[in-house]
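Participant: Submitted below is the structure of interest, expressed as structure tokens.
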């Protein structure tokens, strides 16, 4: 299964680059991630719990970053074994391009599964893989720039300050 999409992130390319290398951001963005340890240089060990159709599994595996091009892009790869459920592996080629004060993040995801989960059928697997990729990059965008405009207005009303700027937690952390 291959999927290509893009997102416009309201942050400069340097902020987006630092965020995608940050293990805390990765852990928060990987759906079902229970544990992530390691470094961008050596790779990460991860434990991810997922339910695909009727099959639930806890995948133990590795996440690696390769083809690092600072401020331009990289490749994120992951591979995990879920015991009797089978295995899952995939990669995402991610590129960044400045668009004014924002960054256009483009990604191409390639995913494969085997074992019991592969028996669920390609339509279910393809839709699940698309859902996971979308969730990862939605969470990544939110971590960098904060909630969407509608959510910002809702939060501002709750806070009683309609002009309050809501930044993503990573952007607040690095002072972006």
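Participant: Can you name every residue in the range 77-88 that is assigned to a strand (DSSP E or B) and touching a residue at least 24 places away in the same chain (Cβ under 8 Å)?
Facilitator: 78, 80, 87, 88
Participant: Can you tell me which residue in the range 84-101 is nearest to residue 52 (Cα to Cα), limited to those that are surrounded by 15 or more Cβ atoms within 10 Å (Cβ to Cβ) and over 18 Å from the mean Cα position of the chain (by Cα)?
Facilitator: Among residues in the range 84-101 that are surrounded by 15 or more Cβ atoms within 10 Å (Cβ to Cβ) and over 18 Å from the mean Cα position of the chain (by Cα), the one nearest to residue 52 (Cα to Cα) is 85.
Participant: So which residues in the range 125-166 are in contact with a strand residue (DSSP E or B) (Cβ under 7 Å, 6 or more places away or on another chain) and either under 30 Å from residue 85 (Cα atoms) or at pLDDT below 80 (or both), if there are any at all?
Facilitator: Those that are in contact with a strand residue (DSSP E or B) (Cβ under 7 Å, 6 or more places away or on another chain) and either under 30 Å from residue 85 (Cα atoms) or at pLDDT below 80 (or both): 125, 128, 129, 130, 133, 137.
Participant: Something else now. Give the range 44-54 a look and list any residue that's surrounded by fewer than 17 Cβ atoms within 10 Å (Cβ to Cβ), part of a strand (DSSP E or B) and either at pLDDT 90 or above or touching a helix residue (DSSP H, G or I) at 6+ places or on another chain (Cβ under 6 Å) (or both), or say none.
Facilitator: 45, 47, 49
Participant: Would you pick out the residues in the range 115-129 that are in a helix (DSSP H, G or I) and at positive phi?
Facilitator: Within the range 115-129, just 115 meets the criteria.
Participant: Would you confirm whether any residue within the range 19-31 is under 15 Å from the mean Cα position of the chain (by Cα) and in a strand (DSSP E or B)?
Facilitator: No.
Participant: Looking at 67, 14, which is the one that is in a helix (DSSP H, G or I) and surrounded by fewer than 20 Cβ atoms within 10 Å (Cβ to Cβ)?
Facilitator: Of the residues listed, the single one that is in a helix (DSSP H, G or I) and surrounded by fewer than 20 Cβ atoms within 10 Å (Cβ to Cβ) is 14.
Participant: Can you say whether residue 74 is touching a residue at least 60 places away in the same chain (Cβ under 8 Å) and touching a strand residue (DSSP E or B) at 6+ places or on another chain (Cβ under 9 Å), as far as the supplied structure shows?
Facilitator: No.
Participant: Next up: Among the residues that make up the range 102-109, is at least one of them touching a strand residue (DSSP E or B) at 6+ places or on another chain (Cβ under 7 Å) and either assigned to a helix (DSSP H, G or I) or exposed (fewer than 14 other Cβ atoms within 10 Å of the Cβ) (or both)?
Facilitator: No, the conditions are met nowhere in the range 102-109.
The values are calculated or read from the model by the stated rules, or taken from the named source; none is laboratory data. Keep in mind the model is a prediction, meaning the values are calculated, not measured. So basically every Cβ, Gly included, is an ideal-geometry build from the backbone, and we count neighbours across all protein chains shown.
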